1. Taking R0 as 35 Å, what's the FRET efficiency between A:Glu90 and A:Asp285 from their Cβ-Cβ distance, rounded to 0.05?
2. Could you please state, rounded to a whole Å, how far the C-alpha centre of segment B:119-146 is from the C-alpha centre of segment A:259-309?
3. So if I take the centroid of the Cα atoms in segment A:38-64 and the same for segment B:155-216, what is the distance between those two points in Å?
4. Can you work out the Karplus-derived ³J(HN,Hα) for every residue in segment B:88-96? Use 6.51 cos²θ - 1.76 cosθ + 1.60 with θ = phi - 60°, whole Hz, and x for glycine or proline.
5. Take A:Ala198 and B:Ala15, extend 7 Å from each Cα along the Cα→Cβ direction, and tell me the distance between the two endpoints in nm.
6. Over all pairs of distinct alpha carbons, what does the Kirkwood formula give as the hydrodynamic radius of segment A:364-450, in Å?
7. Between B:Asn241 and B:Tyr159, what's the calculated FRET efficiency when r is the beta-carbon distance and R0 is 41 Å? Round to 0.05.
8. Sorting A:Ser361, A:Ser220 on the 10 Å Cβ count, fewest up front, what's the list?
Amino acid sequence: MGGRAMQTEMNPGKGDRQTVLVCCGTGCTANGGREVFKAFSQSLQHHPEIEVLPVVKATGCNGWCEKGPLVRLIPKDITYCSVAPADVDEIISKTLLQGVPVKRLLYRDPVSKEHLTSHHLTDFYRKQHKIALRNIGEIDPGQIDDYIQRGGYQALQKALLGMERQEVIDTIKAAGLRGRGGGGFPTGQKWQACRNAAGNPKYIICNGDEGDPGAFMDRSIMEGDPHTVIEGMCLGAYAVGAARGYIYVRDEYDLAVQYLRQAIDDARQRGYLGKNILNSELSFDIELVRGGGAFVCGEETALLASIEGRVGEPHDKYVFPTEKGLWGKPTVINNVETWANVPVIMLHGAESFAAIGTDKSKGTKVFSLVGKVVNTGLVEVPMGTTLREIIYEIGGGVLKKRSFKAVQTGGPSGGCIPAALLDLPIDFDSLTEAGSMMGSGGLIVMDDHTCMVEVARYYVSFLAGESCGKCTPCREGIRALLEILTRICEGQGSIEDLDLLEDISVTMQQASLCALGRTAPNPVLSTLRYFRDEYLEHIQQQRCPAGVCRALSVFHIDPEICNGCGVCVRHCSVNAIRGEKKQVHVIDESICIHCGECYRQCAFDAIKLR
Amino acid sequence: MMKINVNGQQREAHAGESILDLCRREGIPIPTFCYHQAFGGQGACRMCMVEIKEEGQTRSRMVAACTYPLTQPAEITTESEQILRIRRTIAMLLARRADKNALLETMCQKYGASRLPAIVVEPANCILCGLCIHACAEMGKSAIWSMFRGVDKRIATPYDEASDDCMGCAACAQVCPTQAIKVEEEGAVRRIWNKTFALVACTRCGKPYATRDELDYLGQHGDFGQEKLCEACRRKTLAANMQTFQA
């Protein structure tokens, strides 16, 4: 991919040099982005009439995974959605050669029905404010020059050549940057503590062990703009006086490992890592560590244990890692997204960063918007944006125009926020107050076909396998919660179970060793707080109002509504639905396995719950 | 020394001393499952949660007494409604793993814990306090460790096979608060962790007292005398020696 770009750079020609950016983030790659990239590279060879060959670049994730593979043409600023290799020739002959857009590949606004030439015009992008994701989709993550061309490593230069170490920390403090990994701890304060701590050497760690189901913001940054992480860490190293850094990457993130490894090598070659960086007093190098595949290793003390080669179990953090961290030495651990913000703050100053966001949460936050929402993908918005803006304006609302029920934020140990709180401006504190948390920024939208008891059960079952099992409240508490929730979903629950759930949850919150255990009951407590009626319906009326819990869902077809379209028949896996076309259909209760597929598929809501 | 107020009474603590160490020294009861003075605090069972408010802090917070180091004057409460609730819940949850065990029985009664249905764990009665792991590691062996994670976590030798590292010293069994680790002895043979060991008899009383592997290992790590003596006979010899020394 790099070779192609270089060829054209060595071949300066007449006219505008065009750039074709093909999204090869994980989502687009899964949809054939790599094939589209190859098709462009190959097809362009067969067009001798093109005087100046366009540069074709494979970029990181643009975030708009729903519409991938995305292809963007610069400088015309044209964005094509869902591009297949078969479309490439048409794009070349029409757009690259004649400057005419291929209308059928443009995004069509669902409301105005207009075809929009650029993604910048869509609601999905218009409302976003990109800081951490500023380069992703714009550059080839494998090319250090791409990063440098967009202002990369200038912040490092600025700091090393003209700022005292304390000034760097003061800038981060003034910017009000808080840790993006979940806790929201003030980054400047963390760096200051590490700088002040006695002990040498000091360490800088990037936590890239992103493990929340449905979350992919850190992966996108590591895959799409690895140098911003490296530059951020260099700045941190200079500020606290560290000589060695580690990037701890989730083992499953192959592409991220590949790009980070290359980026570290390239940065070393250019003198951004190693001895006397940019001829300054800073000597700093980074080592890549692949995680061992445990969710809990995202917890910083467990992460430290894992790097040291011990079992990835947390220990009490009464003495912070900034004082006693890796091998007992002062250590700063920040998450990928936090590091990605650092160069921007250093280059453009604290004020411009602090001008964005809310009173106590500055800047932007990247969210992975998934679930029952029209536009799934990665979005970066200023802190204080409301859930409604994210889900309805950027996300385009709930799929199939169903009604919104809840949004789950903050990963498996976050909470479920109901429709009544859709206008909540989200920041670290507002989410905690609502019984959920920012976490690393997962947003999972749920519609009225979602059972909240089952949701709580699902998250607790995830945590049952991911708790490290060291402390009693987390290990045994999760086990008990899971048993009780399963019981309720199966129609065996009792009213006393609700008290037991609360009792165990409170002990887990207060007594668990690490944040995983302390937040593990959030899915239970938040659903009990906002959806208690659903729990009661499961227990007292033996009914699952969403038609999800099989033991409590009995379906029948309303003959007044059914028009005999046959969709339910096609989706029934056990052939339990009978009826002639255009005639009223009937469910055979003796065969039905209560999976609810017909209930969810019927476009006319003709299938009813008992 | 720092002034620490525990339950309304002034005490003095060394800098860096854990809350639990202070309280044990001062005779203030705090229940624990996973603490052994030989290994220090692990913060695993969470039975020892107490409330602490350090100088300058406005609110007290809940911490594990065994791992919290005292570094400044503070007020500590070792029994409150919240603390008792935590202990009650932990006793209730752990009792499921060892439902007929006397220690858990006592704790449940003491804190008024209701009983939940027992669960099957391996080894039976193991409450995963982790003391056995520490004992084995402290012996320099680490033949056992925790396997898996979350609700599947358990203590075992690698792949549940007889471990080359295990020397049958049974230090693990000795520190186990619920007697969960099985040590079977028959004649001059000991069986533990799926491995069989030959026992050596005490040269004085003739009672089999330690495994051959253990004595060999100890021999490599120090001079413990030529005579192979069981604990009781060693004590007697020592006492006799002391008498001659005095005379």
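1. For A:Glu90 and A:Asp285, the calculated efficiency is 0.15.
2. With segment B:119-146 and segment A:259-309 each reduced to a Cα centre, they are spaced 34 Å.
3. Taking the Cα centre of each part, segment A:38-64 and segment B:155-216 sit 70 Å apart.
4. Rounded to whole hertz, the list is 4, 5, 5, 4, 4, 6, 6, 5, 5.
5. 0.8
6. Over segment A:364-450, the inverse of the mean reciprocal pair distance is 12.3 Å.
7. Working: r = 46 Å, r/R0 = 1.12.
So the FRET efficiency works out to roughly 0.35.
8. On the way: A:Ser361 24, A:Ser220 29.
Going from least to most buried by this count: A:Ser361, A:Ser220.
Throughout, read-outs are computed from the coordinates displayed, never taken from laboratory work. Note that the structure is predicted; figures quoted are calculated from it, not measured. Here Cβ is always computed from backbone atoms with ideal geometry, including for glycine, and neighbour counts include all displayed protein chains.
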